[in-house]
Amino acid sequence: MGAYRPQSIASARAIGVLLLVACTTSPAETLEQAWEQAMTTDQTLRAAIERTGAADAMLAGARAERRALLSTGATMTRFDTTPAFDFSGIGVQSQLALFGGQSWLMADARASVPVYTGGRIGAGIDAAAADLDMRESESAALALDVKLDVAERYIAVLRTESALTVANANVASLSAHARDVEDMYRTGQVPRNDSLAATVALVDAEQQALKARGALDVARAAYNRSIGRELDAAVALDAELPPIDPDLTAASVEGLIELALASRNELESIAAAADSLAARSLAAKAATRPQLLFSGGYSYLENDFLNRSDFWSIGLAFQWNLLDSGRSRNASAALSRQAAAARSEQANLQSLIGLAVQEAWLNVEETRERIAVTVGAVSQSEENLRVARDRYRNGEGTNTEVLDAEALWQLSRSNYDSARYDAALARFRLARAVGFL
């Protein structure tokens, strides 16, 4: 800001002491630390990770369809009267008990392995693998969104802190000016309206400082929420922001668009979704093909009339739905159309990504030029204010000139800060648009 206001030196020193105490008791938090905190606390990201885990389990289940299935069971039945064979129908007055007592036990253990499913299992595995790819890409894209949101909240705090600093400096300067004008009015050097105008300007500056304080409180609460902390937790941030890969800001917009189209997780996610739908379409179509299953097992039948109670068996099950009235065909067609729709959405997303990259790149260029313009305006406005105040004290200028110079200094400093923080945001947004934040 410069030391152009002798009256504010004491205030600046006091502020410096307070900042030094704050820094020794509470180290400033970096943006990298904020990102790390957000990665562990953000609930939407946690939900995405859980969905990814669910997709991984679904893939394991789909692969298990190819392996043997072993099942076992047992049934104990008790009758009110023991069942028996009745031979009276053939003229023999005799009955033969089916088994001893009134209870009957039947047990079974069976293993089955699919032999041929018409591609149904393979398509199901492909669909589950594509679903996992989709969820992983979604999680990666969401992580970048979370990082960008935290960066925006972080920079918003720095911006509002700077705005409050400017507002407080303006109050201090106008306070000093109001005292000077009041002294000059008492000695008859200036009219009463100069003192009134200076007081009104001071009150307005104080109001702006209060608004800046409120905006800072809101920005800090929003930042705390973005990293999963209590809204009213203390916030002390490091003004030094992590660098962005210089190749991003130095590359041409065409090169950045090409890089984004090759790396954006959103494109991978929608491509995986299309692959999943296509695989499910094949699985639905496979239901119209023959299904062959090999099985073998062991059975135990408690009885008194067979030569034995336990049996081993093997079997080959065959099923072919010759007519399902178009169920499988229409289900397959519907999934195929959905896959085609996803491909169209992918093409549209490619265009939107290209537009986003170009917009972000232009913003980087614009803010770079704004900084170059505004940095000079700050020093010029400081000199203008110094000259205006000296002229007024010497009776050569007017109070209006001083107040206008104060407003110009505040405007130039605000424009410079806006350009700086807009430039930082533009770089982060460009990195996110390319997919490398």
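General remarks:
- Some residue of region 338-358 being farther than 24 Å from residue 261 by Cα and touching a residue at least 40 places away in the same chain (Cβ under 8 Å): no
- Selection within region 192-227 - open to solvent by 90 Å² or more (accessible area, probe 1.4 Å) and not aliphatic (A, V, I, L, M): 192, 193, 207, 211, 213, 225
- Close pairs from region 246-262: first more than 10 Å from residue 353 (Cα to Cα) and without any contact (Cβ under 8 Å) to a residue 60 or more places away in the chain, partner hydrophobic (A, V, I, L, M, F, W, C) and open to solvent by 60 Å² or more (accessible area, probe 1.4 Å), Cβ under 8 Å, at least 6 apart: 251/259
- Candidate set from region 374-426 (those that are among the aromatic types (Phe, Trp, Tyr) and open to solvent by less than 50 Å² (accessible area, probe 1.4 Å)); member that is modelled with the highest pLDDT: 421
- The conditions of being at pLDDT 95 or above, assigned to a helix (DSSP H, G or I), hydroxyl-bearing (Ser, Thr, Tyr) and open to solvent by 20 Å² or more (accessible area, probe 1.4 Å) are met by residue 160.
- Pairs linking a residue in region 58-86 that is within 16 Å of residue 294 (Cα to Cα) and open to solvent by 90 Å² or more (accessible area, probe 1.4 Å) to a residue that is of a type outside the set (S, T, N, Q) and part of a helix (DSSP H, G or I), with Cβ atoms under 6 Å and 6 or more positions apart or on different chains, are 65/121; 66/121.
- Only listed residue being in contact with a helix residue (DSSP H, G or I) (Cβ under 7 Å, 6 or more places away or on another chain), among the aliphatic types (A, V, I, L, M) and farther than 30 Å from residue 247 by Cα, chosen from 340, 317, 273: 273
The values are calculated or read from the model by the stated rules, or taken from the named source; none is laboratory data. Because the structure is a prediction, the values reported are computed rather than measured. Please note: Cβ atoms are built from the backbone with ideal geometry, for glycine as well, and neighbour counts cover all protein chains shown. The area values use the complete protein model at the heavy-atom level, side chains included, leaving out ligands, DNA and RNA. Shrake-Rupley method; radii C 1.70, N 1.55, O 1.52, S 1.80 Å.
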